[in-house]
Amino acid sequence: MGLLDGKVAIVTGAGHGIGRGHALELAKEGAKVVVNDLGTSLRGEGSGKDADLTVDLIRERGGEAVANYGDVTDYEAGRALIAQAVEEFGRLDILVNNAGIARDATIWNMTEEDWDSVIKVHLKGTFVPTHHAVKHWRQLHQQGEDVSSGRIINTTSGAGLTGNFGQANYTAAKAGIAAFTQTVSLEVFKMGITVNCIGPAGATRMAASIPGAGIQAREPDEFDEWDPMDPSLSSPLVAWLASDKAAHVTGQVIRAVKDEIVHMIPWSNGNSIRKSGQRWEASELTALMNADIFKCRAPGLRY
């Protein structure tokens with residue numbers, strides 16, 4: 001018996017790396033999987049049938065899967081992706097939004113195309129499948145059906161939560177996905193649908209592209225034993241979040257890196273100062289901001 005027996009899942013960007021790991025894990029736990037991948041390069045160029053690679057692995061291991069080669073940023077392709085899951089397997093329970101690309105550059109070298117393409121794939125590529133999945137579930141809910149098995153798992157990154165040099169486009173998109181997760185979780189709460197966000201890591205094509213990282217991209221099925229760079233190390237968390245066991249967890253951001261799972265507390269209140277209902281004057285803020293807000297005593301030091 002698997003955690004996801006009888007469930008149907010979609011995983012976007014599942015032809016390689018982390019997405020492939022998720023698809024394999026969901027299938028291992030009993031889910032039938034629609035493997036989506038446009039088959040592009042890391043920069044989002046070209047197309048292909050990389051999804052077939054993951055589908056073949058799932059089938060070889062006794063699972064059920066079909067491929068989808070659609071562009072998750074295309075509105076109609078997103079509608080077709082949801083429809084394919086329902087037509088092939090009779091239902092949809094789980095959506096894992098994982099598709100992404102990278103076009104790294106410092107802000108002074110970043111082109112408009114670099115910005116637009118990364119924002120589009122990550123942010124719009126999360127919105128489109130989510131939009132169509134929720135519309136599908138909401139229609140069923142309005143017809144009196146129970147849709148509380150609905151699970152959406154989005155993908156942020158450590159870079160999106162803390163920033164990273166040379167990745168203004170990527171980090172902005174990933175931070176946006178975390179905020180998107182929190183908002184959509186509120187909107188679907190009464191239907192019993194959960195929406196969460198994970199921050200994974202591993203020896204992916206994206207990680208290998210970072211200058212000086214010294215990382216060689218490897219697929220999750222290439223690891224025979226535990227390895228801290230295995231791209232599938234976050235996949236058990238995804239499977240758990242997709243299960244009935246996690247019905248009480250929604251609107252959360254959770255990092256899963258190596259052997260550690262960390263609950264992220266976004267934008268919690270830090271130090272504060274108040275002025276008893278009076279307006280602050282800019283001239284009086286220097287000493288108070290340094291001493292009481294940033295807790296720094298030496299002028300010129302970056303907080």
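From the list Asp292, Asp244, Asp221, Asp230, the lone residue that is modelled with pLDDT of 95 or more and acidic (Asp, Glu) is Asp244. Does segment 42-60 include one or more residues that are within 17 Å of the chain's Cα centre (by Cα), within 19 Å of Asp230 (Cα to Cα) and in the same structural domain as Gly163 (by TED's automatic domain parsing)? Looking for residues that are within 17 Å of the chain's Cα centre (by Cα), within 19 Å of Asp230 (Cα to Cα) and in the same structural domain as Gly163 (by TED's automatic domain parsing), one finds at least one in segment 42-60, hence yes.
The helices (runs of 4 or more DSSP H) falling completely within segment 154-208 that include 3 or more residues that are crowded, with 23+ Cβ neighbours inside 10 Å map to 168-187. When the strands (runs of 3 or more DSSP E) confined to segment 23-135 are screened for residues that are small (Gly, Ala, Ser) and within 24 Å of Ala239 (Cα to Cα), those reaching at least 1 such residues are found at 65-68.
To keep it simple, each residue is scored yes or no on (1) of a type in the set (Gly, Ala, Ser); (2) closer than 30 Å to Ala172 by Cβ; (3) free of Cβ contacts under 8 Å to residues at least 12 places away in the same chain.
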residue: Lys49; (1), (2), (3): no, no, no
residue: Leu57; (1), (2), (3): no, no, no
residue: Glu64; (1), (2), (3): no, no, no
residue: Tyr69; (1), (2), (3): no, yes, no
residue: Ala99; (1), (2), (3): yes, yes, no
residue: Met110; (1), (2), (3): no, yes, no
residue: His132; (1), (2), (3): no, yes, no
residue: His136; (1), (2), (3): no, yes, no
residue: Ile152; (1), (2), (3): no, yes, no
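The values are calculated or read from the model by the stated rules, or taken from the named source; none is laboratory data. From a predicted model like this one, the values you see are computed outputs, not experimental measurements. Virtual Cβ from ideal backbone geometry, glycine too; neighbours counted across all protein chains shown.
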